[in-house]
1. Taking the Cα centroid of the stretch 82-114 and of the stretch 171-226, what is the distance between the two, rounded to the nearest whole Å?
2. Going through the stretch 1-50, which trypsin sites (Lys or Arg not before Pro) have at most 12 other Cβ atoms within 10 Å and a DSSP loop state?
3. To the nearest 10 square angstrom, how much accessible area does V135 have with a 1.4 angstrom probe?
4. Check the stretch 129-246 and count each lysine pair with an alpha-carbon distance under 21 angstrom, considering only pairs eight or more places apart or from different chains.
5. Restricting to DSSP loop positions (anything but H, G, I, E, B) with no more than 12 other Cβ atoms inside 10 Å of their own Cβ, which GluC sites (Glu not before Pro) remain in the stretch 180-226?
6. Within the chain, what's the longest stretch lacking chymotrypsin sites (Phe, Trp or Tyr not before Pro) that sit in DSSP loops with no more than 15 other Cβ atoms inside 10 Å?
7. Which of the three applies to the stretch 129-230, rounded, prolate or oblate, going by the alpha-carbon gyration tensor with a ≥ b ≥ c and a/c under 1.5 meaning rounded?
8. Which of the trypsin sites (Lys or Arg not before Pro) found in the stretch 103-190 are in a DSSP loop and have at most 14 neighbouring Cβ atoms, other than their own, within 10 Å?
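The values are calculated or read from the model by the stated rules, or taken from the named source; none is laboratory data. Please read these numbers as outputs of a predicted model, since none were measured by experiment. Glycine also receives a Cβ, built like all others from the backbone with ideal geometry; neighbour counts cover every protein chain displayed. For accessibility, only protein heavy atoms count, side chains too; no ligands or nucleic acids. Shrake-Rupley method; radii C 1.70, N 1.55, O 1.52, S 1.80 Å.
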Amino acid sequence: MEKRVAHLEKRIRGTLERLGFEIHPFKVGWYNAVLPSTFHLPYSDNTLAFVVLSIPAMFDKAFKPFLKNQLLEKIHDPVDQCIFHHLSLVRESLADQQVDIMYDYEMLPNRKPRFLAQTAAHVAGAAYYYQRKDVQQDPWGEKKIYGVCIHPCYGGWFAIRALLIFPEVEVPFLQQNSPIDCVKTQGEKIELLNKFNFHWQDWSYRDIIEVKEKYSEEQKMYFATPPAERLKLLGFQGGLQRNTMH
């Protein structure tokens, strides 16, 4: 790994890792190379970026302490506010660097997402993005089948939260790490995509592999609760949340 990347990664990890986040570096060119131009990030190919994931520990280490100490804006998702808060602290800790932050919930004026989170995680080697093209004998015919990322340690028990992009840092010699293909057989890949597309509400796709850690019962109950009632579940009076995948 290039020294500049290792140095920045160490600084970012120093802020985020203890709070239940992972970061993985990539070059913008890797991302743009696998997508149509309409989804390209507007940076040079060698620009350094990091994809930010939350893992199960984030709920207790970052989210619940954030709720206790912050005045929430009722119109915004509390999880989004928590992520924004901690990544703003990262930006402050890197005051000597230009850092552009893109969040998974942000949309462009044309209603397209600012970035495709699962593609970013895949090209960074963070999680494998399983799609129907990974299945040799496609059983779905004309059905629309959405892909899903699986983490080698946490299965589906994680979320892709943001990109940190460093426009002034170019890393032409950064080596790409392929994501771990942890859903190994064709049968398991079909099972995963079936569970994600047709039974996602029962959480079972997240356990397609044996996992190191998963969401606590409290965390699962929080995300399974209707958005307007989620904060009350944790003993807070709260506002509205967007209904999304966590």
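1. Result: 24 Å between the Cα centres.
2. Listed in order of number, the matching sites amount to none.
3. 10
4. For the stretch 129-246, qualifying lysine pairs total 19.
5. Numbers: sites: E188, E191, E210, E213, E217, E218; in loops: E210, E213.
Those satisfying the criteria are E210.
6. Details: sites that count: W140, Y146, F173, F236.
The longest uninterrupted stretch comes out as 1-139.
7. Values: a/c = 1.80, a/b = 1.12, b/c = 1.61.
Because a/c hits 1.5 or more and a/b fails to exceed b/c, the stretch 129-230 counts as oblate.
8. Numbers: sites: R111, R114, R132, K133, K143, K144, R161, K184, K189; in loops: R111, R114, K143, K144, K184.
In loop regions of the stretch 103-190 (DSSP not H, G, I, E or B), the sparsely surrounded trypsin sites (Lys or Arg not before Pro) are R111, K143, K144, K184.
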